[in-house]
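Undergrad: My questions will all concern the structure given below.
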Amino acid sequence: MAARLINENCSVLMAKNLPPSLSGTPPPEAAQTLLALLHAQGEVARLSEREQLYSSLLDSVNAVLWAFDWETRQVLYVSPAYERIFGRPASLVLADYNEWRDSIYPDDLEFAERSLAQVLLKGAVEDREYRILNASGQVRWLSDKCYINQQSEGDRVIIVGIAEDITEKKQLEGELQRLATTDVLTQSSNRRHFFECAQQAFDSAREDGTPLAFLLLDIDDFKRINDSYGHQEGDQVLQRIADSGKAVLRRGDQFGRIGGEEFAAVFPGCTAQVAEQIAERLQREIQRQGFSHGDEAYSVTVSQGLTGLTDEDESLDSLFARADAAMYRAKRQGKNQIVRG
């Protein structure tokens with residue numbers, strides 16, 4: 001727009017200043033100089049408009065555009081989104097690449113550096129996802145695609161990329177995963193997820209030759225609780241049993257609700273003898289729980305069936321069957337006990 005106005009003004013000026021006798025002849029040298037100056041001003045105006053548009057576009061993009069000199073380890077450019085996502089001044093990372101590197105979540109640093117180096121071999125890496133800690137200590141997820149920008153052999157290696165904040169997407173994925181794998185009532189693993197994890201533990205134990213224990217437990221007389229006090233009271237019992245399991249089991253053990261009042265646990269790297277000690281602690285923890293309905297207090301017990309992996313076990317089903325049979329023996333033998341199978 002500015003350039004067009006300048007050219008129009010220039011044409012008007014030339015028409016006004018040229019004598020009639022010179023119509024159709026080249027303009028004098030002074031007029032040519034003036035025309036060149038006005039044309040240059042128009043170009044400057046157009047460049048300014050483009051720069052403002054470019055700057056506006058960069059400000060609106062919620063992703064960091066960046067350029068990095070591989071040999072000098074220097075960040076050559078970051079777009080305005082860097083300060084919004086990282087919470088730090090762009091001048092710091094332009095002065096020292098370690099500002100970016102030190103922001104990466106410690107557990108993801110090795111992957112981030114290794115995947116960045118792969119761009120030298122592949123020319124592009126588009127599957128980089130890692131976490132950063134912004135200036136306020138928040139964990140943010142980045143999807144950081146990068147490409148090599150070497151024009152010809154011998155040119156310095158410039159890597160360019162775009163780092164998008166995908167934190168909300170990751171949080172949604174995590175919530176969907178939790179809903180797919182968690183029993184809604186007890187917040188422990190649901191049946192499908194429990195047996196998926198148990199199968200993985202079984203396969204690893206068979207491959208590595210390590211011990212594995214499998215436990216089933218069933219709440220004694222649970223139907224009486226529902227019939228006497230109502231299903232809401234029964235739900236609270238289930239939740240407290242699940243909480244007891246989470247409190248007693250070790251890190252790495254898997255615990256889940258696999259049926260109405262039935263729970264199961266898998267103990268990787270644990271013999272049946274050691275697992276029985278854990279089951280005894282669980283038994284005591286559950287007995288220690290106090291329940292009440294109105295003025296009436298009551299307690300809850302469980303019957304448990306426990307077994308360990310043997311050389312003859314070719315599938316997880318065999319452990320499950322032995323633990324199940326042992327649990328029902330515990331029921332028949334008076335309940336509130338652990339039976340090995």
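Undergrad: Can you list the trypsin sites (Lys or Arg not before Pro) in the stretch 265-341 that are in a DSSP coil and have 14 or fewer other beta carbons within 10 angstrom? Can you show the working numbers first?
TA: Working: sites: R281, R284, R288, R322, R329, K331, R332, K335, R340; in loops: K335.
Sites meeting the loop and neighbour criteria: K335.
Undergrad: Hey, how much of the P(r) for the stretch 215-341 falls beyond 20 Å, as a percent of Cα pairs?
TA: Across the stretch 215-341, Cα pairs with separations above 20 Å total 42 percent.
Undergrad: Set the Förster distance to 51 Å, then compute FRET efficiency between Q333 and D107 from the Cβ-Cβ distance, nearest 0.05.
TA: 0.60
Undergrad: Pairwise over distinct Cα atoms, reciprocal of the mean inverse distance: report the Kirkwood radius of the stretch 217-262 in Å, one decimal place. Present the calculation step by step, with values, prior to reporting the outcome.
TA: Values: mean 1/r = 0.0880 Å⁻¹.
For the stretch 217-262, inverting the mean 1/r across all distinct Cα pairs yields 11.4 Å.
Undergrad: What does the extension gain come out to for A321 and Q277, with contour length at 0.36 nm per residue minus their alpha carbon separation?
TA: 13.7 nm
Undergrad: Taking the Cα centre of the stretch 165-322 as the origin, how large is its charge dipole in debye, to the nearest 20, when only Lys and Arg (+1) and Asp and Glu (-1) carry charge on their Cβ atoms?
TA: With Lys and Arg at +1 and Asp and Glu at -1, about 360 debye.
Undergrad: What value does the stretch 68-203 have for Rg/Rh, both radii from Cα atoms and Rh as Kirkwood defines it? Don't skip to the answer; put the middle values down first.
TA: Numbers: Rg = 19.1 Å, Rh = 17.3 Å.
Value, to two decimals: 1.11.
Undergrad: Let me ask something else. Arranged from highest to lowest average of other beta-carbon atoms within 10 Å per residue, in what order do the peptides 174-181, 206-213, 140-147 appear?
TA: Put in order of decreasing packing, that is 140-147, 206-213, 174-181.
Undergrad: Along Cα→Cβ, 7 Å out, is where each label goes; now give me the distance between the ones at S299 and E196 in nm to one decimal.
TA: Label-label distance for S299 and E196, simple model: 3.9 nm.
Undergrad: Could you state, as a whole-number percent, how many of the C-alpha pairs of the stretch 93-148 are farther apart than 18 Å?
TA: In whole percent, the long-distance tail amounts to 35.
Undergrad: Taking the Cα centre of each part, how many Å lie between the stretch 301-341 and the stretch 213-271?
TA: 15 Å
Undergrad: Another question, then. If the cut-off is 23 Å between C-alpha atoms, which lysines fall inside it for K169, apart from same-chain ones fewer than 8 positions away?
TA: K145
Undergrad: What does the extension gain come out to for E314 and R84, with contour length at 0.36 nm per residue minus their alpha carbon separation?
TA: Roughly 77.3 nm would be gained on extension.
Undergrad: While we're looking at this one, here's another question. Thinking of the stretch 144-254 as a set of Cα atoms, what percent of all their pairs are more than 19 Å apart?
TA: Values: 4156 of 6105 pairs.
Taking all Cα-Cα pairs of the stretch 144-254, the fraction more than 19 Å apart is 68 percent.
Values quoted throughout were computed directly from the atomic coordinates according to the rules given, and no laboratory measurement underlies them. Predicted model, so just to flag it, every value in this text is computed and none were measured. Don't worry about glycine lacking a Cβ; one is built from the backbone with ideal geometry, like all the others, and counts go over all protein chains shown.
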